Each structure stands twice: as structure tokens, then as C-alpha cells.
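Single-structure report; data block below.
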Amino acid sequence: MDKISINFLPSEYSVSQKKKDKWSIVQTLSVAFFLLLIFLTSVVVALRVLQSQNITQAKKQTEESETKITSFKSREATLAVLKNRVEAINQILKKPSKQTDSYHLANETFSTSIIIDSLTIDQNGNIVATATIPSNDLLVKLLSSLEDKLASAGIHRVEIESLSRGRDGTYRAILSLKLSG
Amino acid sequence: MKKEISQLIIKYKAFLLPFVVGVSSLILIVFVIYPQLTGFFKGQEDLQIAEQKLKKLQVKASDLENLDEDDLKKKLNFALVALPLEKDYATIIGVFQRLTAESGMSLENLQVGGGGAGADKKTSGYSIKLELLGTKPGLDQLLGKIGQAPQVMKVSGIEVTSFKTDVNVALTIDVFYLPAPTSLGALDSDLPKITDEEQKLLARLASISPASVPTTTPATLLPRGKPDPFQ
């Protein structure tokens, strides 16, 4: 036989009971939320305390390292001056003397048979040479050699500023060698 | 009054706890959690910066500790011979007298020029003009010796007048010097490193330096205190 349930309680009672149940859930949730918040607060505060300790530790170690570095000030000064100096020397040596290079070029270009009366090398390494060339063959050889050295030895331009032939067959020439770069 | 209050409490009893919890939570969030959280994130940044600085300092301290100070001082002395701190006419005149004598040239005249011979903005220099008499092989030898001299110098002008076997030469030579730096930089600045190329240069300078090299202490290199202690 099926059970028959009859509710003898008034309907207002069940409505108010439902309301009470609803509010009870709200209250429980409120308390739970508040407890969670308390927990979160304690976690955050604990993290901050730990972090503060780490920062203090790092600062302490930093001070120790700074003290140690200060004690080695003399070594640091030596190294700094040395580095500064070596860099400067390197810079100077990287750019060789154009004048010396031009002088060696002139040595290679003018054979020993040619008498160099004067040789001037300017700040840019350009050469002006006054030469006495004993014979026509040597003159031709010299001009041919200069032509070969154009571009290959860094000679940009060769100018014969003057050329004269003496009664004895020797040539006097003023040659200008302009270097490239 | 009391009766009214107690009636109000009874009436709104259900709302009381959530209201108190809400207000307390708000206070906790606004005055505790939020400031602590923002402080924590800022603190993390500060901690990261502090740790990076610490690491840098520890590396620098370790590198300094491992440096061989005697070796550094020796290298510095060779470098100071090559590039002195200031003009030293007496030494350079002695150097040229020695070089010309070794090359078989005769030093007829020596003139010291002005400044402006610096290789770049960092280095300073001055010019020396030499008038020499000798032979062409002697001149070749002298130019070679100038290139290999312990002190860094560079030929900046050559005028040769040849009289058959003898040559009359006017050489202009730039001589360089470099004053010491005025400060080391910040405590946490990077330690300069000598590259391999620079080590080779130092080895070369050591091989061509004179046997007795004057010693210099770092204390004399950097300026100490104010020029005028009363300012």
C-alpha cells in the first residue's frame, strides 16, 4: 500500500523554513569565505616576511662583496690603467706610419742605379723624389716599374713634374707619387 | 530605545552575520591583503635587482681575488714604458741618441715640437724633429729601430737629401703619452678584461722593453683627494 503523507503544518511555516535554510547557506558561505580570507592574509604576510628576510640576506651579502672589492682597489686600479694603456697602444699601432711605408715603397721602386737627390714624404705619405737617371734604358725601366706599381702597390697617380736631359745623357726628373687612401 | 534596538536585531538577525563578514572582509582586503600583495610584487622586483647586483659583485670580487698582482704590475710597467703618463723629454732624447748611434747615424739637431700629435682623442703626443747625417743603410736601420722601440712612436715626415754615399735626413717623429684615468668607475662596474690580442701585445712590449724598468705603484697613478682640500 502506498504511503500517504499529509502535511499538517501551515504553508507559512514551510515558506519561512525555506527562507531560514537559504539564509543558513548564506551564513555558512560567509563564514567559509571569511576563513579563506584569513588564510590568504596569513599566507601573504608569511610570504612578505620571507621575502623581507631574503632581501636583508641579499643586502648583507652585497655589503660583504663590496667590502671585498674595496680591499682589492689597488689591483683594480692597476688593471684599469693597464687596460686603458694597452687599448691606446693598440689603436696607435693599428695605423702604421704611412711615411715609413712610402719610404720602403720608394726604396723598392727606385733601383740602386738611379741616384735619388732628394726624397720628401708628406703627411699623407705622398712622395716627391728628385732623381738623376744615368741612361735612357733606366728611365724607361723606371717608368715601366711605376706603371706596374700603379694600383698594385697603392700608388694612385704618378706625375712627372719635370724631366730634363743633360749633355752627358743623364736625365734629371722630379717625380710625384700620390698614394691612394 | 533598547527595546527598539533589540527588536531590530531580532528582525534582521539573519542579515547580521553576512553583513559583519562582508565589512570585515572588505577591511581585510583593502587594508591588509592588497597592500601586502602589491608590496610583495614590488619586493620581488627589488629582490631580483639585489640578486643580480650581488651576483655581479661576487663575480667581480672573485675575479679580483684570482688576479696575479705581481704579473699585472710587471705588465703595467712595460705598458708605461711604451706609453708614458706624461711628456718625458729627457728619456726620449736619450732614446733617439741611442737609436741613432746604434744605426751609425749622426744626430745633428733635435727639435721638440708642440702637441697635437695624438693618435686619437684619448692619446696625447708631441713631435720631435731630428736632423741626421749618415748612410742610406743606416737610415733604413734607424727607421726599423724606431718601429721596434720600447716607446710607441711613429714617423710622420721624412725628408732625405742624398749626397752620393751620405744622406742628410730630416725625420719628424710623433711621440705619444697618455695621462692616467681620473676614476675607476662605480663599485659594481665591470672589471676590464685583457683580450688575447692585448696579451700578445703585452708580450711583445715585454720582449722589447729595457732590462731595468722603473716600477710604478697604482697608488701613484690615480689622483687622490681633491686638488684643493679646502673646496
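The values are calculated or read from the model by the stated rules, or taken from the named source; none is laboratory data. Nothing here was measured: the structure is a model prediction, and the numbers come from that model. With ideal geometry, Cβ positions are generated from the backbone for all residues, glycine too; neighbour counts draw on all protein chains shown. Side chains are part of the model used for accessible areas, which takes the heavy atoms of the whole protein and leaves out ligands, DNA and RNA. Shrake-Rupley method; radii C 1.70, N 1.55, O 1.52, S 1.80 Å.
State whether one or more residues within segment A:59-68 are surrounded by fewer than 18 Cβ atoms within 10 Å (Cβ to Cβ), part of a helix (DSSP H, G or I), facing another protein chain (nearest Cβ under 7 Å) and acidic (D, E). Explain how you work it out, then say what you get.
Going residue by residue through segment A:59-68, those that are surrounded by fewer than 18 Cβ atoms within 10 Å (Cβ to Cβ) are A:59-61, A:63-64, A:66-68.
Still in the list and also part of a helix (DSSP H, G or I): A:59-61, A:63-64, A:66-68.
Checking which are facing another protein chain (nearest Cβ under 7 Å) leaves us with A:59, A:61, A:66, A:68.
Okay, now just the ones that are also acidic (D, E), so A:66.
Yes, segment A:59-68 contains at least one residue that is surrounded by fewer than 18 Cβ atoms within 10 Å (Cβ to Cβ), part of a helix (DSSP H, G or I), facing another protein chain (nearest Cβ under 7 Å) and acidic (D, E).
Tell me which strands (runs of 3 or more DSSP E) are completely within segment B:86-192 and hold 2 or more residues being open to solvent by 50 Å² or more (accessible area, probe 1.4 Å) and modelled with pLDDT of 90 or more, or say none if there are none.
Values: elements: B:106-112, B:124-135, B:153-163, B:166-177.
Passing ranges, in order: B:106-112, B:124-135.
Need the failing condition index for A:T109 against (1) modelled with pLDDT of 85 or more; (2) on the phi < 0 side of the Ramachandran plot, just the number.
A:T109 satisfies every listed condition except (1).
Return yes when B:K53 is among the charged types (D, E, K, R) and either buried (at least 18 other Cβ atoms within 10 Å of the Cβ) or under 23 Å from the mean Cα position of the chain (by Cα) (or both) and no when it is not.
Details: among the charged types (D, E, K, R): yes; either buried (at least 18 other Cβ atoms within 10 Å of the Cβ) or under 23 Å from the mean Cα position of the chain (by Cα) (or both): yes.
When the stated conditions are applied, B:K53 passes them.
Those residues that are open to solvent by 70 Å² or more (accessible area, probe 1.4 Å) and either at the interface with chain A (Cβ under 8 Å from one of its Cβ atoms) or on the phi > 0 side of the Ramachandran plot (or both), I need them from segment B:194-208; list them, please.
B:E197
State which residue pairs qualify: first residue under 15 Å from B:A206 (Cα atoms) and inside segment A:83-101, second residue surrounded by 20 or more Cβ atoms within 10 Å (Cβ to Cβ) and among the β-branched types (V, I, T) in any location, beta carbons under 6 Å apart, and separation of 6 or more residues or different chains.
Note: pairs meeting the criteria are A:I89/B:V152.
Restricting the first residue to segment B:29-53 and requiring it to be more than 9 Å from chain A (Cβ to nearest Cβ), which pairs with a second residue that is part of a helix (DSSP H, G or I) meet a Cβ separation below 9 Å and a spacing of at least six or different chains?
none
Listed here are the residues, each with its yes/no results for (1) within 14 Å of another protein chain (Cβ to nearest Cβ); (2) among the polar types (S, T, N, Q); (3) assigned to a loop (DSSP other than H, G, I, E, B); (4) open to solvent by 70 Å² or more (accessible area, probe 1.4 Å).
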position	(1), (2), (3), (4)
A:E108	yes, no, no, yes
A:I116	yes, no, no, no
A:T132	yes, yes, no, no
A:V140	no, no, no, yes
A:D148	no, no, no, yes
A:R157	no, no, no, yes
A:L163	no, no, no, yes
A:R167	no, no, yes, yes
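Condition first: touching a strand residue (DSSP E or B) at 6+ places or on another chain (Cβ under 7 Å), surrounded by 14 or more Cβ atoms within 10 Å (Cβ to Cβ) and part of a helix (DSSP H, G or I). Can you find one or more residues in segment A:19-28 that meet it?
The initial filter retains those residues of segment A:19-28 that are touching a strand residue (DSSP E or B) at 6+ places or on another chain (Cβ under 7 Å), namely none.
No: segment A:19-28 contains no residue that is touching a strand residue (DSSP E or B) at 6+ places or on another chain (Cβ under 7 Å), surrounded by 14 or more Cβ atoms within 10 Å (Cβ to Cβ) and part of a helix (DSSP H, G or I).
So B:L57 ticks every box in (1) in contact (Cβ under 8 Å) with a residue 24 or more places away in the chain; (2) more than 20 Å from A:A58 (Cβ to Cβ) but one. Which box is left unticked?
All conditions are met except number (2).
Taking the conditions exactly as written (among the aromatic types (F, W, Y), at pLDDT below 90 and open to solvent by 50 Å² or more (accessible area, probe 1.4 Å)), does A:F8 satisfy them or not?
Values: among the aromatic types (F, W, Y): yes; at pLDDT below 90: yes; open to solvent by 50 Å² or more (accessible area, probe 1.4 Å): yes.
Yes, satisfied.
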